[in-house]
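A quick write-up on the structure given underneath.
The values are calculated or read from the model by the stated rules, or taken from the named source; none is laboratory data. Since this is a predicted model, take the numbers as computed values, not measurements. Neighbour counts are summed over all protein chains in view; Cβ atoms, including those assigned to glycine, are modelled from backbone coordinates with ideal geometry. Calculation scope for accessible area: heavy atoms of the full protein, side chains included, ligands and nucleic acids excluded. Shrake-Rupley method; radii C 1.70, N 1.55, O 1.52, S 1.80 Å.
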Amino acid sequence: MSTGTQGTSTPTPLASLPRLASATFDFPAAVNVPLDDFVTTDSALVWLRNSEGMIGLGEVFSVAAQGTDRFHELRQAWNELLSAKASSDAELFAFVAVAFSHTSAHASRLVVPEMVIRKKGGDAYLTWLFDPESGIAPEADHETLRERALERLAVLQHESSVGHLDFPDVADVPTEDRLLVGHVSDEQYVESIKRGVERINSGELTKLVLARDAVAELAQPVQVSRILKELSVRYRDCWTYSMRGLIGATPEMLIQVINGTARARVLAGTLDRKSAPVADPDYAKRALSEDEKQRHEHQLAIDSLTSQLLPYVTHMDAHIEPFVLELPNVWHLASDVTAKLPSKDAPNALDLAEILHPTAAVCGTPTDAAASAILELEGMDRGRYAGPVGWIDSHGNGEFGIALRGGIVESAHRIRLFAGCGVVAASDPASELAESWAKMRPMQQALNL
């Protein structure tokens, strides 16, 4: 049995694709309550912001991929699933998480849930995806389908893990919660940053993003649903995500596509709020917006995204000046980008996620040189950390964040946490180390560490 890092569902052979139908209903039960309340099982697929978004329960299809063609293989499986739909008007949704690097030993995955609860504003919907060959007639009257859907939803909401988050038994269960050194110690991280700065000063790179990890071992079994609720409440302006063991609350939107409009939120430049002076309302603006190192790092990130996106859109707007994004643990320099997609043959959300990944915000500049330096200097396999995570629907709409401020559940008592920092010529290794701990704070809080 594989762990949460690798993904835990057995992919469905493409030769036996289900012919899915769907039924969608108004769902008033979710209108006046936070959508977080419907995260009742550790295996729920989650995409939440400000108590709105999407939750998936159960599973009707999944596929895994690795290597250079991982995006292509996931997209191919998704397109074949759409082609096999039982009816042309069937509405399908998939949750997706892609490994950061093509060299990763960890699987990328696309999962189609059986039930999807969606909420935005005062509207909430329940979509049931099913194979008519299982005995459910899609032409049945609306009320009959609704009754059966609600019965099935009640079952899925109370199943503990439906087999998707089963982990090997742990022989040595810790007697108390503890945070341990991961693959990369503090000392190793500082050394890797020093070496990264040397490469930047030599002219090989302009920016390099280096990450590190830590391991949380818990005396009690990991409660993914509780962790997600903690993250969603504390970090409401972030996108809380859960995808088969990959969990977190990211502040960075790689790409959103809704009805022909693409949007992204780019972050680069970070300031820890824990060490901020009291009663100085302009501190973050001065320390970020007026700091040459922070502005340089941010400009590299925004240029990386806009240059990659520009060939695929008909119009683009981006902030001339970045703004300061305030989160409970840190401040970031942020820029929002909005673009219009062509009316014909437009790329979908997954297409654009592949085009844009990896951005300078999580890799560096130039991209190929930075990616090679990461493999040489970082000392670990990022897995799905810093890769695209989100959802896509059968109309090509979707949202993909970058899997940051989170971790990967590796066993019933173990979560590996990750954080990374952008390194430029002016970077100070000790400051970058402190920043990495600040970025792990959301998960530490959610774990009560």
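The single condition from (1) in a loop (DSSP other than H, G, I, E, B); (2) in contact with an Asp or Glu (Cβ under 7 Å, 6 or more places away or on another chain) that Glu139 fails is (2). Under the condition of being touching a helix residue (DSSP H, G or I) at 6+ places or on another chain (Cβ under 8 Å) and not charged (D, E, K, R), the residues counted in region 220-235 number 6. Taking each residue of region 21-40 that is of a type in the set (Ser, Thr, Tyr) and looking for partners that are in a helix (DSSP H, G or I) with beta-carbon atoms closer than 8 Å, six or more apart or interchain, yields Thr40/Gln157; Thr40/His158; Thr40/Ser225.
Selection of first residues in region 315-339 that are in contact (Cβ under 8 Å) with a residue 60 or more places away in the chain and of second residues that are among the aromatic types (Phe, Trp, Tyr) and not in a strand (DSSP E or B), restricted to Cβ pairs under 9 Å at least 6 apart or on distinct chains, gives the following pairs, ordered by first then second residue: Leu327/Tyr235; Pro328/Tyr235; Asn329/Tyr235; Trp331/Tyr283; Ala339/Tyr312.
Check region 279-298 and report whether any residue there is surrounded by 16 or more Cβ atoms within 10 Å (Cβ to Cβ), assigned by the TED database to the domain that holds Leu205 and within 19 Å of the chain's Cα centre (by Cα). No; the residues of region 279-298 include none that is surrounded by 16 or more Cβ atoms within 10 Å (Cβ to Cβ), assigned by the TED database to the domain that holds Leu205 and within 19 Å of the chain's Cα centre (by Cα).
Please work out if Arg382 is surrounded by fewer than 22 Cβ atoms within 10 Å (Cβ to Cβ), among the basic types (Lys, Arg) and either touching a strand residue (DSSP E or B) at 6+ places or on another chain (Cβ under 7 Å) or under 20 Å from Ser232 (Cα atoms) (or both). Answer is no for this residue.
Is region 18-26 home to any residue that is more than 20 Å from the chain's Cα centre (by Cα), closer than 18 Å to Met115 by Cα and in a helix (DSSP H, G or I)?
Going through region 18-26, the residues more than 20 Å from the chain's Cα centre (by Cα) turn out to be 18-26.
Restricting the remaining residues to those that are closer than 18 Å to Met115 by Cα gives 18-26.
Still in the list and also in a helix (DSSP H, G or I): none.
No, that holds for no residue.
If you take the residues in region 326-343 that are farther than 28 Å from Asp291 by Cβ and either of a type in the set (D, E, K, R) or not in a strand (DSSP E or B) (or both), which one is most open to solvent (accessible area, probe 1.4 Å)? Please lay out each step first, then the result.
Taking region 326-343 and keeping what is farther than 28 Å from Asp291 by Cβ, we get 339-343.
With the extra rule that they be either of a type in the set (D, E, K, R) or not in a strand (DSSP E or B) (or both), the set shrinks to 340-343.
Working: Lys340: 95, Leu341: 12, Pro342: 42, Ser343: 123 Å².
This residue is Ser343.
Exactly one residue out of Ala105, Ala94, Ala65 is under 24 Å from Thr359 (Cβ atoms), modelled with pLDDT of 95 or more, over 15 Å from the mean Cα position of the chain (by Cα) and open to solvent by less than 10 Å² (accessible area, probe 1.4 Å), and it is Ala65.
Residue check: Asp428 meets all listed conditions (1) in contact (Cβ under 8 Å) with a residue 24 or more places away in the chain; (2) farther than 16 Å from Ile227 by Cβ; (3) among the charged types (D, E, K, R) but one, namely (1).
Please go through region 369-393 and give me each residue that is in a helix (DSSP H, G or I) and within 30 Å of Asn348 (Cβ to Cβ), ordered by number.
Just the residues of region 369-393 that are in a helix (DSSP H, G or I), to begin with: 369-377.
Listed by number, the residues that qualify are Ala369, Ala370, Ala371, Ser372, Ile374, Leu375.
Is it fair to say Ser192 is at pLDDT 95 or above, closer than 25 Å to Thr359 by Cβ and either open to solvent by 60 Å² or more (accessible area, probe 1.4 Å) or over 29 Å from the mean Cα position of the chain (by Cα) (or both)? So Ser192 does not fit the description; no.
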